[in-house]
Ligand code: AMP
């Protein structure tokens with residue numbers, strides 16, 4: 001029975017540990033809506049207000065609206081409807097939002113607007129994100145959304161030569177996208193000053209903490225103006241105590257937003273009633289678990305891949321997650337020897353190799369990507385038909 005049917009009949013899919021009371025959505029505050037949206041929404045319940053919104057209701061400038069139109073977005077996603085007005089109104093935002101919800105535009109668009117004229121000196125906006133690929137992806141989006149406003153974006157992350165990044169920082173920027181480790185090094189070397197940062201974004205905050213970046217994040221935020229003098233936006237998919245601790249320590253009375261996954265076909269990811277949404281498994285994805293003898297795992301994986309890529313599915317993209325680098329290397333070699341078009345992405349590869357693997361998978365030259373959790377979150381890879389976790393992680397998100 002399809003999951004949509006089950007849900008329509010009131011049986012809820014399995015929830016993550018996240019509880020809506022952890023982040024009550026208070027974005028229905030009409031003061032956060034533009035006048036146009038308030039008028040059109042008159043008489044509607046606060047929950048419906050968000051569905052009446054167009055991009056033009058959000059109070060964005062024509063230059064940004066033009067860039068959004070060129071991306072082909074018909075309407076803002078729920079996280080964009082909620083977060084953009086809140087950021088424009090000068091509020092901190094604490095958002096429970098997963099990959100695919102459109103969260104990048106939700107923070108980039110209002111920040112670009114509030115930055116106003118480019119200055120191109122020391123960064124005035126900072127985005128911290130856990131992985132190099134995600135940093136590159138955010139910078140690319142920021143350049144696309146900001147193509148008519150002339151804001152200069154620089155991205156810095158580890159694993160690649162340091163000198164081009166130092167040079168880029170020296171030339172100045174408005175928006176800096178960074179992974180915490182590399183940025184900390186630049187701060188220590190005095191290559192960059194964060195004293196003019198008015199917007200600090202922690203993207204995938206839970207993931208950054210998982211990766212052991214807590215001290216780096218504290219040091220970096222400590223190098224920015226105090227929380228009262230900047231806006232701080234935080235996005236997280238889960239709510240461990242450490243994330244709440246960060247929010248308490250670094251934010252001022254944030255607007256809290258909770259969002260499920262974006263559904264492309266105009267589906268509705270909003271919860272009824274109080275306007276809050278719980279994070280949940282995407283109900284349109286069928287999930288299967290198979291217990292396999294560890295010694296037979298790779299053979300079974302091969303069977304599943306061959307099965308999935310039979311006939312018209314021969315060019316379907318499949319992501320294979322491994323828990324450890326060693327496992328990823330072994331699985332990739334195993335599949336390669338058996339003629340699969342496979343690439344991999346894990347921490348033992350150089351950055352240029354990781355980038356090449358990702359690009360060839362996105363382009364469809366390789367149809368199977370074996371990855372460790374460096375690719376587990378946040379990457380926007382279109383048209384992945386199947387995701388296989390070779391070893392299930394012991395930690396639950
Ligand atoms: P993100 O969650 O920011 O990684 O975005 C996931 C994907 O959604 C990206 O491919 C974006 O280009 C796309 N996207 C963002 N906002 C919208 C929108 N309003 N309508 C349609 N697609 C969008």
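Give the order of 91, 170, 152, 143 when sorted by the count of other beta carbons within 10 angstrom, beginning with the fewest.
Ranking 91, 170, 152, 143 by Cβ neighbours within 10 Å, fewest first, gives 170, 143, 152, 91.
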*Work out the FRET efficiency for residue 61 and residue 193 from their Cβ-Cβ distance, taking R0 = 25 Å, and round it to the nearest 0.05.*
0.35
_Inter-site label distance for residue 121 and residue 338 at 7 Å from Cα along Cβ, in nm_ = 6.0 nm
_segment 297-397: C-alpha gyration tensor shape, a/c 1.5 cut-off, then a/b vs b/c_ = rounded
*Okay, which of segment 238-252 sit inside 11 Å, backbone N to the point 7 Å along the Cα-Cβ direction of residue 214?*
241-246
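With a ≥ b ≥ c taken as the square roots of the eigenvalues of the C-alpha gyration tensor of segment 142-230, please select rounded if a/c is under 1.5 and otherwise prolate if a/b is larger than b/c or oblate if it is not?
Taking the square roots of the gyration eigenvalues as a ≥ b ≥ c, segment 142-230 is rounded.
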_Alpha-carbon centroids, segment 290-359 and segment 160-211: separation in whole Å_ = 33 Å
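Report the calculated FRET efficiency for residue 310 and residue 363 (r = Cβ-Cβ distance, R0 = 22 Å), to the nearest 0.05.
0.50
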*For a footprinting-style exposure proxy, rank 218, 337 by other Cβ within 10 Å, fewest first.*
337, 218
*Give, as ranges by residue number, the residues of segment 173-199 whose backbone N falls under 13 Å from the point 7 Å along Cα→Cβ of residue 351.*
177-186
*Going by C-beta contacts inside 10 Å, put 257, 201 in order with the fewest on the left.*
201, 257
*How far apart, in nm, are the 7 Å Cα→Cβ label points at residue 292 and residue 385?*
1.8 nm
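Every number in this text was worked out from the coordinates using simple rules, so none of it is lab data. Computed from a predicted model, the values in this text were never measured in an experiment. Using ideal geometry, Cβ is built from the backbone for each residue, glycine included, and neighbour counts are taken over all protein chains shown.
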